[in-house]
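K.L.:
First the structure, which I've put down as structure tokens, then a few questions once you've had a look.
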There are 2 protein chains.
Amino acid sequence: MTAPGPDERRARAALTRLTEPGDQQVGRWLRELGPVALLRGLTGTGPPPPGARADRLAGCHARAATLDPDADLAAVTRWGGRFLCPGDIQWPGQLDDLGDARPLGLWVRGCPDVRLWALRSVAVVGARACTDYGSHVAALLGAGLAERGWVVVSGAAYGVDGAAHRGALAAGGATVAVLASGIDVPYPRGHTELLDRITEQGLVLTELPPGGHPTRSRFVLRNRVIAALTRGTVVVEAEYRSGSLVTARRARELGRHTMGVPGQVTSGLSAGVHELLREGAQLVTDADEIAELVGAIGDLAPPRRGPVVARDLLDTTALRALEAVPGRGGGGTELIARNAGMGRERTLASLYELQALGFVERRGDLWQLADAASTSGTPKPPGRRPPARRGGA
Amino acid sequence: MTAPGPDERRARAALTRLTEPGDQQVGRWLRELGPVALLRGLTGTGPPPPGARADRLAGCHARAATLDPDADLAAVTRWGGRFLCPGDIQWPGQLDDLGDARPLGLWVRGCPDVRLWALRSVAVVGARACTDYGSHVAALLGAGLAERGWVVVSGAAYGVDGAAHRGALAAGGATVAVLASGIDVPYPRGHTELLDRITEQGLVLTELPPGGHPTRSRFVLRNRVIAALTRGTVVVEAEYRSGSLVTARRARELGRHTMGVPGQVTSGLSAGVHELLREGAQLVTDADEIAELVGAIGDLAPPRRGPVVARDLLDTTALRALEAVPGRGGGGTELIARNAGMGRERTLASLYELQALGFVERRGDLWQLADAASTSGTPKPPGRRPPARRGGA
């Protein structure tokens, strides 16, 4: 797939404002017509898309005048962000598993490479109104996964989500918040500061256009992005019929690992997790068990030892970070940032990218060169290793 | 298999004193020589069993003079008990799955029919030093299983075992204690009163001869009897490497259901259960889920509706209890006992037997006639129903 041209990018940006996330009819039209013709068809400046209902078209026509994708794109750029489209180098290919429900594009803030981070990511989700046990475990898992070099993805909600993000941040690790609102609409309000920290140290992304407000259905649809983006979803606490279970079941449908943290059978906030476990989800009790499961997938995972792209394909920032990693015993993020003469956040983002590419490995607080990183120049492609191979880290 | 004669019964009783439970060499000799010749061979009044080591024989010879099976059998009869042997009508056939490790016999106190009770039994086991959560859940499960007409089997230990027994007793239900000591040696001492209540309302049984004291290995070997006797084993709380896990794994080897109750991942007393669940045991959170699982086995289970033996094969006590069950809506144990003019314990024992035979069903506090109980005279044999049939009760 080639990178989209400016017209196509502008059309996709406009379509995120004109349509709701995950609309499969929109996905089909997009596949058949392309974004530019679809936008014209919906806004009345071209032939209407096949089978479009009159009321739908009328609604789109009414909103056509308010569309200003250039302003949206400019605003996001001003905020240090970007709008990613399918075909972009940073586009996370896993989202393509959603088929016609694939996001039209992703509004992103934060410097790391979305595609590379997603390759080594795990979702940790759960109840907003969780117990102390739930937030304690979520924070432990967030920190433990970060210490093992995994990117912690969640929904920035109160409760389990927030605790998981905070755990990853506290361990100096990588975390991604997937919002059900616009990139400029911190939700919940009480997590404004948390989202600022995630933007600095990690990634915040959403399908919704700037200014978009969360609704019940947008939360549910957001969950499919979390499920598809990551290599597995861990539910920490959830009542029956909770949104976290939707994420987990979606993850299972997508062939991702579905995991649950058990709790007391007398706790309603563990009832949903236990239901999930009885349906076949994997019971996990700590970050090691999670890492072992998601690390065992072959299809998405980069090899655990040695790089997957040639060193001379690295961008200059990544190369600077790689050259700053001490050759023996490794070093902490601060040291490597000093060696590289780069900011801490930029260095951390690069280190996670280098890890996804197989050049470095994280062990607790230290980053080390991967076994073959210094020698290999012509690596194997990521998809070719045997799927049954178990991660050794 | 025919019922053993008096010499054979006496020999088996003596052998329970001369050998340790679960000794597979003893089991093989027993199969080849029979109990009478084996006893003679071990005590020096007949040719020694093939391959018997000299030190073993010397040990047996030394203890031969102290054997007095008639006194043991008389004592147990005096205590209102009995010594059951393979071939006896009440012998629980499931124990034969233990092969050469099958008990030589069972010393039993309590009036119910061991075979019939075992047919509808579930083991609830777990840590001695359990948490409040563990004892709470064990009591809930004990009561809930009893209310659903299941016999709760456990090891009479402190902690989970005791709570499970007490839960069943409190619900006016059936419970069986399998001891690692002699039938006259209440262990632990603090459970003397509990064991007295179980003897009155249920069954206490052991492989060990009167006066036998528990040892570490006897506890482990006792667990195989619990596993084999029941249709499934539920572990409520257990640390890594605990005895309850041995019971559960033994249950799995024997093709029984292995179940675990989850707890908080931060609790060491749930760590063993979680390990078991990660190995493939079924996660269960209440008595309904347990009953659904064990009720679904076809091979051991009597049909859930309608009797499995003809009415005229019932003994007079069972027939009296059956005739005392009100025809519409059923009745409680007390009422049925009054109607039958029998004691409460004897009535309860008969009702559980009638349930195992398919004549009655327990629903909460009430006993009702099973759908076909009043009409059927020529029932289907128990082994012929489709194994996949799910229990409806």
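K.L.:
What does DSSP give for chain A in terms of the percent of beta bridges that are antiparallel, rounded to the nearest 5?
P.N.:
40
K.L.:
Shortest first, in nm, what separates the label point of A:Q25 from those of the same position in the other copies (7 Å along Cα→Cβ)?
P.N.:
Output for A:Q25: 8.1 nm, nearest copy listed first.
K.L.:
Taking a spot 7 Å from the Cα of A:A3 along the direction of its beta carbon, which residues of region A:173-211 have an amide N less than 20 Å from it?
P.N.:
Residues passing the 20 Å test: none.
K.L.:
Please work out the C-alpha center-to-center distance from region A:95-133 to region B:326-355 and express it in whole Å.
P.N.:
The two parts, judged by their Cα centres, are 61 Å apart.
K.L.:
For region B:28-44, in order, what is each residue's ³J(HN,Hα) by Karplus, 6.51 cos²θ - 1.76 cosθ + 1.60 with θ = phi - 60°, in whole Hz (x at glycine and Pro)?
P.N.:
Computed from phi, the couplings for region B:28-44 are 5, 4, 4, 5, 7, 9, x, x, 5, 5, 5, 4, 4, x, 6, 9, x Hz.
K.L.:
Also, I was wondering about something else. Identify which of A:V125, A:V220, A:V160 has the largest mean-square fluctuation in a Gaussian network model of chain A, with springs joining Cα atoms closer than 10 Å.
P.N.:
A:V220
K.L.:
Do you know the relative contact order of chain A, to the nearest whole percent, from alpha carbon pairs under 8 angstrom that are 6+ apart?
P.N.:
Once normalised by length, the contact order is 14 percent.
K.L.:
Using a Gaussian network for chain A with springs between C-alpha atoms less than 10 Å apart, which of these wobbles most: A:E32, A:E361, A:E147?
P.N.:
Checking each option, the largest mean-square fluctuation is seen for A:E32.
K.L.:
Quick one: compute the contact order of region B:6-80, relative version, from alpha carbon pairs under 8 angstrom and 6+ residues apart, as a percent.
P.N.:
Averaging sequence separation for qualifying contacts and normalising by length gives 36 percent for region B:6-80.
K.L.:
Another question, then. With a Förster radius of 45 Å, plug the Cβ-Cβ distance of B:R189 and A:R241 into 1/(1 + (r/R0)^6) and report the FRET value to the nearest 0.05.
P.N.:
The formula returns an efficiency of 0.35 here.
K.L.:
So what J values fall out for region B:166-181 if you push phi through Karplus, 6.51 cos²θ - 1.76 cosθ + 1.60 with θ = phi - 60°, rounded to Hz, Gly and Pro as x?
P.N.:
For region B:166-181, the Karplus curve yields 4, x, 5, 4, 5, 8, x, x, 9, 8, 10, 9, 9, 8, 9, 9 Hz.
K.L.:
Something else: Relative to the present Cα-Cα distance, how much length would full extension add between B:R346 and B:R216 at 0.36 nm per residue of separation?
P.N.:
Extra length available between B:R346 and B:R216 comes to 43.3 nm.
K.L.:
Right, something else. Check which residues have an amide H placed less than 5 Å from B:E237's amide H, if you skip close sequence neighbours.
P.N.:
B:A127
K.L.:
Given the -39500 (n - 2.57) contribution per DSSP H run of 4+ residues, what per-residue ellipticity at 222 nm results for chain B, rounded to the nearest 500 deg cm²/dmol?
P.N.:
That calculation yields -13000 deg cm²/dmol at 222 nm.
K.L.:
Kindly state, to the nearest 0.05, the FRET efficiency for A:T317 paired with B:R278, given R0 = 41 Å and r defined as their beta-carbon distance.
P.N.:
0.50
K.L.:
Another one. From the backbone phi of region B:239-251, what are the Karplus-calculated ³J(HN,Hα) couplings (6.51 cos²θ - 1.76 cosθ + 1.60, θ = phi - 60°) in whole Hz, Gly and Pro given as x?
P.N.:
3J(HN,Hα) across region B:239-251, in whole Hz: 6, 3, 6, 8, x, 5, 5, 4, 4, 5, 5, 5, 4.
K.L.:
Over region B:62-201, what is the percentage of antiparallel beta bridges among all DSSP beta bridges, to the nearest 5?
P.N.:
Roughly 40 percent of the beta bridges in region B:62-201 run antiparallel, per DSSP.
K.L.:
State, as an integer percentage, the relative contact order of region A:110-294 based on alpha-carbon contacts under 8 Å between residues 6 or more apart.
P.N.:
Value for region A:110-294: 22 percent.
K.L.:
How about region B:14-55: which trypsin sites (Lys or Arg not before Pro) there are in a DSSP loop, with at most 16 other Cβ atoms within 10 Å of their Cβ?
P.N.:
Those that pass, being in a loop and sparsely packed, are B:R53.
K.L.:
B:A3 label points, 7 Å along Cα→Cβ, one per copy: pairwise distances from this copy to the rest in nm, shortest first?
P.N.:
Shortest to longest, the spacings are 9.1 nm.
K.L.:
If amide hydrogens are placed 1.01 Å from N in the peptide plane, which non-local residues have theirs closer than 5 Å to the one on A:V153?
P.N.:
Here A:V122, A:A123, A:V124, A:V176 satisfy the definition.
K.L.:
To confirm my reading of the symmetry, which residue of chain B has the Cβ nearest the axis that brings B onto A, and what whole-Å distance does it have?
P.N.:
Nearest Cβ to that rotation axis, in whole Å: B:P262, 2.
K.L.:
Report, in degrees rounded to the nearest 10, the 0 to 90 angle that the Cα long axis of helix A:54-64 makes with the longest principal axis of chain A.
P.N.:
Around 70 degrees separate the two axes.
K.L.:
Report P(r) for region A:73-114: all Cα-Cα distances, bin width 5 Å, range 0 to the bin holding the largest distance, values in whole percent.
P.N.:
Per 5 Å bin, starting at zero, the Cα-Cα P(r) for region A:73-114 comes out as 6, 23, 30, 23, 12, 7, 1 percent.
K.L.:
For chain B, modelled as a GNM with alpha-carbon contacts under 10 angstrom, which of B:Q264, B:Q94, B:Q355 fluctuates the most?
P.N.:
Highest fluctuation of the listed residues: B:Q264.
K.L.:
Could you compute Rg(Cα) / (2.2 N^0.38 Å) for region B:110-294, with N its residue count?
P.N.:
0.91
K.L.:
Moving on to the next point. How big is the antiparallel share of DSSP beta bridges in the protein assembly as shown, given as a percent to the nearest 5?
P.N.:
If we restrict to bridges inside the protein assembly as shown, about 40 percent are antiparallel.
K.L.:
Using all C-alpha to C-alpha distances in chain B, build P(r) with 10 Å bins and read off the rounded percent in each one.
P.N.:
Result, from short to long distances: 5, 24, 32, 25, 12, 2, 0 percent.
K.L.:
Separate question: Taking 22 Å as R0, compute the FRET efficiency from the Cβ-Cβ separation of B:R128 and A:D288 and round it to 0.05.
P.N.:
Working from the Cβ atoms, E equals 0.15.
No value in this document is a laboratory result; all are computed from the given coordinates. Computed from a prediction, not measured in an experiment: that's the story for all the values here. Ideal geometry is used to build each Cβ from the backbone, glycine not excepted, and the neighbour counts take in all protein chains shown.
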